[in-house]
Amino acid sequence: MSKKLLLKDAHIEGIRYFETYRKQGGYTAAEKALKMTPEEILEEVKVSGLRGRGGAGFPTGMKWSFLAKPEGVPRHLVVNADESEPGTFKDRYLMEFLPHLLIEGMLISSYTLGSNVSYIYIRGEYSWIPDILEEAIEEAKAAGFLGKNILGTGFDCEIYVQRGGGAYICGEETALLESLEGKRGNPRLKPPFPAVKGLWERPTVVNNVESIAAIVPIIDITGAEYAKIGVGRSTGTKLISACGNINKPGVYEIDMTITVEEFIYSDEYCGGIPNGKKLKACIPGGSSVPIVPANLLLKTVNGEPRYMNYESLADGGFATGTMMGSGGFIVLDEDQCVVEHTMTLARFYHHESCGQCTPCREGTGWMHKILKKIEKGEGKMEDIDLLWDIQRKIEGNTICPLGDAAAWPVAAAIRHFRDEFEWHVKNPELCLTQNYGLANY
Ligand code: NAD
Ligand code: SF4
């Protein structure tokens, strides 16, 4: 049984409202934190080993310690709720069912960072959630946990919710800041990182929803206790949104010591693959991370079991491993066609490219066109090599990680499933009537 820190009260009726949340011990972590110094809280977060839950896994305590503190310049906390990575819907769950957990985490974090005005930037498609968050903010304010002189400490904090317009790129932290400033969401060059020059050029910490929610249990049980959960540098618990060919899609909280096999097949989590189908592949961390075939997904290159944590999923590097990413776990059964799947992703990245860099703007479109050709049975063998060449020219040559995110799925698909691409070229007449999975497994 996995330990629950974030979702332990998610099943309680009315937990979305302040009164019920408070009855369950809500805001006691905030009360405790406000009696500590910001330095003490920062130390707890560092000791906890918490890594950013948005996808990059950057240590949260380290990011907070990078925050510049020039005299007289306001600082900001911005929560990145622009959860748009295909396959990822864990932050939506948190905000919809446990909005006060996020608000409490924001209060503690804002106090630590010295942010008197903090923001939640939420993706446009989550159209019903801003009302839930705004209601929770009003409730917290009425109870004295937000606003002026919170709990008599002299600390003031306001939280505002900003709706995005539905662009994937606005989840990239600097594009998000541009959008929050009222401009087109074009990513900025880094460095400078937002911790030095962020919102309106002020020092800003941008953190994912789940990262900020995790601050509550860290303060509650202490950073040292939090660090004991999990394994190695994968401390604490992680939310995984599971989807695709599984019996029980949904959001699960895991403690990162379970194996991938257990996660897919146990009844506590995904409950196996429908109709007894075989596992073909999986994308374990949202669409931007490399696809992994079943044999490498269930064990590492050394034959060890593969675990649901940052290190084990990345074991073997990009050649064989993948990444924990945002925890968007997408399962493909034996009937699925990898070429079709990769084409769908390429279309997505092409559509979402902001267009600032040539390799991304042009390359994503070319990759989509070539993949479409191959999928329709109109491709040539040289197209597979061309595709490989294009993705290599995108990777590492763009302003923001969207370029890499578009290149990696193509690279991994060709690396692990080249036979499938070749089948499409060799069997043009079959491409339109049956997909590769159905025809070959
Ligand atoms: P990144 O590695 O560039 O940065 C991670 C964080 O650390 C950023 O906040 C950055 O500002 C900070 N940082 C790194 N070095 C720093 C330094 N020297 N000084 C100060 N701060 C520093 O990654 P990223 O661009 O933030 O995120 C990429 C990831 O986002 C991808 O791996 C992908 O998994 C994920 N992603 C998630 C979603 C989603 O919906 N959750 C969508 C798209 C992508
Ligand atoms: Fe825009 Fe793509 Fe360049 Fe990112 S990589 S800045 S999305 S063109």
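The values are calculated or read from the model by the stated rules, or taken from the named source; none is laboratory data. All of these numbers come straight from a predicted model, not from anything done at the bench. A quick note on method: Cβ atoms are made from the backbone with ideal geometry, for glycine too, and the neighbour counts reach across all protein chains shown. Side chains included, ligands, DNA and RNA excluded: accessible areas come from the protein's heavy atoms. Shrake-Rupley method; radii C 1.70, N 1.55, O 1.52, S 1.80 Å.
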Just one of the numbered conditions (1) in contact with a Pro (Cβ under 9 Å, 6 or more places away or on another chain); (2) closer than 30 Å to Gly232 by Cα; (3) touching a residue at least 24 places away in the same chain (Cβ under 8 Å) is not true of Lys299; which one?
(3)
Regarding the range 368-376, can at least one residue be identified that is touching a His at 6+ places or on another chain (Cβ under 9 Å) and within 16 Å of ligand 2 (Cβ to nearest atom)?
yes
Considering every residue within the range 162-169, establish whether at least one is of a type in the set (Phe, Trp, Tyr) and more than 16 Å from ligand 2 (Cβ to nearest atom).
no
The residue from Thr342, Thr364, Thr398 that alone is closer than 30 Å to Lys248 by Cβ and either within 16 Å of ligand 2 (Cβ to nearest atom) or modelled with pLDDT of 95 or more (or both) is Thr342
Take the conditions within 20 Å of the chain's Cα centre (by Cα) and in contact (Cβ under 8 Å) with a residue 60 or more places away in the chain and apply them to Pro203. Does it pass?
no
Of those in the range 348-361 that are hydrophobic (A, V, I, L, M, F, W, C) and open to solvent by 20 Å² or more (accessible area, probe 1.4 Å), the residue farthest from ligand 2 (Cβ to nearest atom) is Phe348
Please return the ranges of helices (runs of 4 or more DSSP H) entirely within the range 58-136 where 2 or more residues are at pLDDT below 95 and open to solvent by 30 Å² or more (accessible area, probe 1.4 Å).
none
Would you mind stating whether Arg163 is more than 11 Å from ligand 1 (Cβ to nearest atom) and in contact with a His (Cβ under 7 Å, 6 or more places away or on another chain)?
no
Going through (1) among the basic types (Lys, Arg); (2) more than 16 Å from ligand 2 (Cβ to nearest atom); (3) modelled with pLDDT of 95 or more one by one, Arg392 fails only at (2)
Residue by residue through the range 378-423, note down the ones that are within 13 Å of ligand 1 (Cβ to nearest atom) and either buried (at least 21 other Cβ atoms within 10 Å of the Cβ) or among the hydroxyl-bearing types (Ser, Thr, Tyr) (or both).
Thr398, Cys400, Leu402, Gly403, Ala405, Ala406, Ala407, Trp408, Pro409
Give me the residue from the range 424-433 that is assigned to a helix (DSSP H, G or I) and touching a residue at least 24 places away in the same chain (Cβ under 8 Å) and, out of that set, surrounded by the most Cβ atoms within 10 Å (Cβ to Cβ).
His424
With the condition being more than 15 Å from Leu77 (Cα to Cα), out of contact with any Gly (no Cβ under 9 Å at 6 or more places or on another chain) and open to solvent by 10 Å² or more (accessible area, probe 1.4 Å), I'd like the helices (runs of 4 or more DSSP H) fully within the range 169-254 carrying at least 2 qualifying residues.
223-228
